[in-house]
Amino acid sequence: MERRIMLFLVVALFLFGALLGTAGHVPVPVTVVAGIAIAAWLVIFFTRERRKAGSTTKGAGR
């Protein structure tokens, strides 16, 4: 459920930025590439944080 909410927020912010923000002043391919780069960074960040939280939780029971 949390993933769906996060995905919705990312898509909504991307569309909002593409229509009203700075992304509206650059060509669409540039905007798409920037969006993909940001999405990749978010996935990497999420994965690292998830691993970090998982390793902390495992050691808490000792």
Exercise. Which ³J(HN,Hα) values, rounded to whole Hz and listed in residue order, are derived for segment 35-50 from phi using the Karplus coefficients 6.51, -1.76 and 1.60 in 6.51 cos²θ - 1.76 cosθ + 1.60 with θ = phi - 60°, glycine and proline given as x?
Worked result: x, 5, 4, 5, 4, 5, 4, 5, 5, 4, 4, 4, 5, 5, 5, 5
For this session: For the chain, find the longest principal axis of its Cα atoms and tell me its angle to the long axis of helix 2-20, 0 to 90°, nearest 10.
Result: 20 degrees
Problem set entry | CD proxy at 222 nm, helix term only [per DSSP H run n ≥ 4: -39500 (n - 2.57); per residue of the chain; nearest 500] | -29000 deg cm²/dmol
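No lab work stands behind these numbers, since they all come straight from the coordinates. Source: prediction; values computed, not measured.
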